[in-house]
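Before any comments, here is the structure.
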Amino acid sequence: MRHSTRATALAALSIVLLALAACGVPPRHPSQSPPPEIRSADIERALRTETTLTFWSWVPNLQKTVALFERKYPKIKINLINAGRSRGQYARLRAALKTGTGIPDVAQIEYFALPRFAFSGVVTDLNPYGAEKLVKEFSPSAWDQVDLNGSVYAIPQDTGPMTMIYRKDVFDRIGLTPPKTWGEFVTVAEKIRKRDPRVFVTSVDPTDSGITDSLIWQAGGRPFGIENATTLRIDLQDRGSRRWARLWTRLTREKLVEPAVTWSDAWWKSMASGRYALWITGAWAPGVIEGAIPRTKGRWRAAPIPRWDAGKPVNAENGGSGVSVLSTSKHRLAAFGFARWLNSDPEAVRSLNTVSGVFPATTGLLRSKEFLDVEIPILGGQRANRMFSKGSTQVAKGWQYLPFQLYANGLFGDSVGRSLSNATDLDIGLRAWQLQLSAYARRQGFKVSAG
């Protein structure tokens, strides 16, 4: 992302490299530096040379989009491998890097995980290949996630502007309208529990730091960042973090929300039965719901995420990933050409959206009438892309992840997650998480600022 501290943060790269090497991610080898004076003609020539590229991705039905690329560039064969989703893939990638075998040329990496692989030299800075010329083709919030200290380490593929997906049948039965503010959200939650004790306004996942990060982001929090060459900012007591903690402490203590592990079979059964009246999530959710519980078709609708303040709506991202080129690849010119085509070519991004359900990061598709006018069956034919697209323009700037966010996420359950499960003060959980993260950062050689 672009921040006022970015110029000084660039100097922190060597420190981050040491820290991440200690985490088991090897630093870049000098021989992996990009060749000088890369021209677009060089990339086109590589795309017309017999080559096999191995691509790791968990996107469903991706082979159909890959086939479009192979038809356009018949000299390139894409060996598409689903190496697991998120943490599963990253674990396999670390193992491959350790042994030096089976490393892909191209890999899908979520935005929260990208700093670790970027600053350790595992993935290539794509600016020398011409990535910076693509900036206007993507939403600012997506580009900010792949632009780290002035270097671009992935081509954005999808985003997740936050939204509220709610059960229209449940709301109609109880006589409710979607809450526009977080104050109204509490009122709706109270009415639901009073009218039908079997129903909760939503669930809260004590194992998932991602949604907490997103809600803190939307509340104005900026708890993580690189302050200067040697210092990280870890401040889970900032205004947005405390805002989130006060609201969700009340919701959990008054049993207005139910702790539940998202994506589990039990959670999906509750979603299907109407036990949860809504889901605060990313704009990618309708396709997921349709695939997981198709029998609820037509019962859902989408609405904007509740506001904290009057005036201009403020949003955040929940989810999203980019496609990176591995520094160890022997075919980085062709690999960049493929990543660029997959995520910026109009035919490719349209296929990713319609076939795989990927919520687009490209401004061309986000603004197109074709996309905006789509009637979404699971949402009862609602043209919700209009709202989702608008929401992507309202994402607040300034959010950063830690260079060891994967590790940070793993500590969440024993700190904030425990407070969520036990309905205790979430401010205490945030303090515990901050102490754990700060101690870890110091062990890696960082100084830690608390704001």
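A single entry from W217, W284, W279 fulfils the requirement of being under 25 Å from Q157 (Cα atoms), open to solvent by less than 10 Å² (accessible area, probe 1.4 Å) and within 20 Å of the chain's Cα centre (by Cα): W217.
I'm checking my understanding of the structure. Among residues of segment 230-246 that are touching an Asp or Glu at 6+ places or on another chain (Cβ under 7 Å) and within 16 Å of S419 (Cα to Cα), which one is surrounded by the fewest Cβ atoms within 10 Å (Cβ to Cβ)?
R242
Between L342, L406, the distinction of being at pLDDT 95 or above and part of a helix (DSSP H, G or I) belongs to L342 only.
Counting the residues of segment 294-315 that are on the phi < 0 side of the Ramachandran plot and assigned to a loop (DSSP other than H, G, I, E, B) gives 10. Residue by residue through segment 358-387, note down the ones that are in a loop (DSSP other than H, G, I, E, B) and more than 30 Å from G221 (Cα to Cα). Result: S368, D373, V374, E375, G380, G381, R383. Any residue that is over 24 Å from R275 (Cβ atoms) and either aliphatic (A, V, I, L, M) or open to solvent by less than 20 Å² (accessible area, probe 1.4 Å) (or both) - is there at least one of those in segment 290-311? The answer is yes; a qualifying residue exists.
Scanning segment 217-262 for residues being hydrophobic (A, V, I, L, M, F, W, C), more than 23 Å from P313 (Cβ to Cβ) and at pLDDT 95 or above gives a total of 6. Taken together, T65, T99, T52 contain a single residue that is more than 26 Å from S351 (Cβ to Cβ), over 16 Å from the mean Cα position of the chain (by Cα) and β-branched (V, I, T), which is T99. Within segment 51-77, residues that are in contact (Cβ under 8 Å) with a residue 12 or more places away in the chain and more than 15 Å from V106 (Cβ to Cβ) sit with their Cβ atoms under 7 Å from residues that are among the hydrophobic types (A, V, I, L, M, F, W, C) and part of a helix (DSSP H, G or I), at 6+ positions apart or across chains, in these pairs: N61/V355; K64/V355; L68/A348. Filtered by the rule that a residue be outside any strand (DSSP E or B) and under 12 Å from Y276 (Cα atoms), segment 160-187 gives K168, D169, V170, F171. In summary, W244 fulfils each of the numbered conditions (1) under 22 Å from D147 (Cα atoms); (2) assigned to a helix (DSSP H, G or I) with the single exception of condition (1).
Take the residues in segment 377-392 that are out of contact with any strand residue (DSSP E or B) (no Cβ under 7 Å at 6 or more places or on another chain) and open to solvent by less than 50 Å² (accessible area, probe 1.4 Å), then tell me which one is farthest from A142 (Cα to Cα). Of everything passing the filter in segment 377-392, G381 is farthest from A142 (Cα to Cα). Restricting the first member to segment 88-103 and to residues that are assigned to a loop (DSSP other than H, G, I, E, B), and the second to residues that are among the β-branched types (V, I, T) and buried (at least 18 other Cβ atoms within 10 Å of the Cβ), the beta-carbon pairs closer than 6 Å and six or more apart or on different chains are I103/T328. Within segment 435-447, residues that are over 13 Å from D414 (Cβ atoms) reach no partner that is of a type in the set (D, E) with beta carbons closer than 6 Å at six or more positions or on different chains.
Just so you know, in segment 388-403 the residues that are part of a helix (DSSP H, G or I) and out of contact with any Phe, Trp or Tyr (no Cβ under 8 Å at 6 or more places or on another chain) include one that is farthest from A432 (Cα to Cα), and it is K390.
Residues of segment 412-426 that are open to solvent by 30 Å² or more (accessible area, probe 1.4 Å) and part of a helix (DSSP H, G or I): R418, S421, N422. Taking the condition out of contact with any His (no Cβ under 6 Å at 6 or more places or on another chain), touching a residue at least 24 places away in the same chain (Cβ under 8 Å), among the hydrophobic types (A, V, I, L, M, F, W, C) and in a helix (DSSP H, G or I), does A107 pass? So A107 does not fit the description; no.
Residues of segment 271-293 that are over 18 Å from S356 (Cβ atoms) and part of a strand (DSSP E or B): Y276, L278, W279, I280. Restricting attention to segment 393-403, the residues that are open to solvent by 50 Å² or more (accessible area, probe 1.4 Å) and either aliphatic (A, V, I, L, M) or at pLDDT 95 or above (or both) add up to 1.
The values are calculated or read from the model by the stated rules, or taken from the named source; none is laboratory data. Just so you know, these numbers come straight off a predicted model, no measurement behind them. All Cβ positions, glycine included, derive from the backbone under ideal geometry; neighbour counts span all protein chains shown. Heavy atoms of the whole protein, side chains included, go into the accessibility calculation; ligands, DNA and RNA do not. Shrake-Rupley method; radii C 1.70, N 1.55, O 1.52, S 1.80 Å.
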